[in-house]
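The values are calculated or read from the model by the stated rules, or taken from the named source; none is laboratory data. Just so it is clear, the model here is predicted, and its values are computed rather than measured. Note that each Cβ is placed from the backbone with ideal geometry, even for glycine, and that neighbours are counted across all protein chains shown. Only protein heavy atoms, including side chains, enter the accessible area calculation; ligands, DNA and RNA are left aside. Shrake-Rupley method; radii C 1.70, N 1.55, O 1.52, S 1.80 Å.
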Amino acid sequence: MRPGRAQRAPTEWATLLLSLLLLAGSMSAAAAPVPHTLTDQTGKTLTLPAQVNKIVAIPIPLASMVMAIDGGTTRLSGINSAAKSDIDEGLLGRMFPGAAKISTRIAGDNFVPNSEALAASRADLVIQWGDRGEAIIDPIRTLHIPMLTLRYGDSLWAAEWLRLTGAALGKAERGERLAVWFEKHVAKITALGEAVPAKSRPRVLHLTRAREALVAAGKGTSMDGDIRRTGGVNLAGEVPGFSQISVEQLLAWNPDI
């Protein structure tokens with residue numbers, strides 16, 4: 001020790017060390033994530049855990065949205081089986097190879113959760129449609145898993161899906177950026193659609209199924225809104241929801257597209 005510098009007693013050093021440790025501990029506690037609340041698209045308030053490590057996405061588009069926001073598949077522990085084709089046959093599987101390992105036993109295209117598979121997923125959060133009946137929501141409530149519910153029926157609502165998913169994942173800024181990008185491009189498409197003269201609007205039919213039966217997308221579906229928004233006429237626009245139609249009806253409509 002240099003001459004002239006006061007020497008600290010061992011007890012003083014111990015007190016100083018203890019003070020530093022307590023300060024570091026209090027700073028860590030202040031920075032640690034804490035549970036927070038979120039109001040979903042159906043107006044329900046849910047409490048999210050401090051850290052969402054595992055998420056189950058039952059609505060089909062939400063699998064790709066979670067990957068886009070999170071930049072990977074690490075936190076996805078379950079998706080709808082109908083989303084698997086996007087992974088196996090589309091670009092999604094090439095962008096995120098890890099998606100092939102995500103469980104698809106959680107739910108099918110009727111969106112009713114498989115309670116056993118859902119419990120095994122050990123999810124911190126489940127994303128589900130909130131306006132398509134209690135049968136697809138009750139199994140999640142029974143397991144007491146935090147549930148973020150979304151509205152279905154208009155593609156414009158997808159911007160809010162991105163915002164809510166980003167907030168739930170702790171990546172609100174990323175979710176907001178994607179939502180704004182989406183809204184900007186939908187506005188451009190809408191302007192182009194509105195410019196199509198009424199007499200030039202194509203007569204469109206969207207079939208969601210065409211093998212065992214013909215199922216058309218009618219009133220109240222996102223496809224109906226998209227057809228109208230892009231300057232078309234939905235031939236099934238007066239049919240409720242997703243309805244089975246006959247071959248005779250298809251021939252009678254004789255769609256352009």
_Can you find a residue that is open to solvent by 30 Å² or more (accessible area, probe 1.4 Å) and more than 21 Å from LEU169 (Cα to Cα) anywhere in region 75-82?_
yes
_Between a residue in region 160-183 that is in a helix (DSSP H, G or I) and any residue that is hydroxyl-bearing (Ser, Thr, Tyr), which pairs come within a Cβ distance under 7 Å, given they are 6 or more apart or on different chains?_
GLY175/THR165
_Tally up the residues in region 187-231 that are more than 22 Å from GLY153 (Cβ to Cβ) and open to solvent by less than 50 Å² (accessible area, probe 1.4 Å), please._
3
_Close pairs from region 235-257: first under 20 Å from ARG132 (Cβ atoms), partner in a loop (DSSP other than H, G, I, E, B) and among the β-branched types (Val, Ile, Thr), Cβ under 8 Å, at least 6 apart_ = GLY241/THR221; PHE242/THR221
*Filtering region 88-119 down to residues that are closer than 16 Å to LEU62 by Cα and free of Cβ contacts under 8 Å to residues at least 24 places away in the same chain, which residue is surrounded by the fewest Cβ atoms within 10 Å (Cβ to Cβ)?*
LEU91
*Which numbered condition ARG122 misses (of (1) of a type in the set (Lys, Arg); (2) on the phi < 0 side of the Ramachandran plot; (3) open to solvent by 40 Å² or more (accessible area, probe 1.4 Å))*: (2)
*Quick check: anything in region 229-244 touching a helix residue (DSSP H, G or I) at 6+ places or on another chain (Cβ under 8 Å) and under 30 Å from LEU76 (Cα atoms)?*
no
*Kindly check whether there is at least one residue in region 152-159 that is assigned to a helix (DSSP H, G or I), open to solvent by less than 30 Å² (accessible area, probe 1.4 Å) and under 19 Å from GLY78 (Cβ atoms).*
no
*If LYS184 passes every condition in (1) surrounded by fewer than 14 Cβ atoms within 10 Å (Cβ to Cβ); (2) of a type in the set (Lys, Arg); (3) under 14 Å from the mean Cα position of the chain (by Cα) but one, which one does it miss?*
(3)
*Please work out if THR149 is modelled with pLDDT under 95 and assigned to a strand (DSSP E or B).*
no
*Can you tell me which residues in region 127-137 are open to solvent by 40 Å² or more (accessible area, probe 1.4 Å) and either aliphatic (A, V, I, L, M) or under 16 Å from ALA57 (Cα atoms) (or both)?*
ASP131, ARG132, ALA135
*Tell me which of these LEU125 doesn't satisfy, since it passes every other one: (1) in contact (Cβ under 8 Å) with a residue 60 or more places away in the chain; (2) over 15 Å from the mean Cα position of the chain (by Cα).*
(2)
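I'd like to know if region 164-174 contains one or more residues that are under 30 Å from GLN244 (Cβ atoms) and surrounded by 16 or more Cβ atoms within 10 Å (Cβ to Cβ).
no
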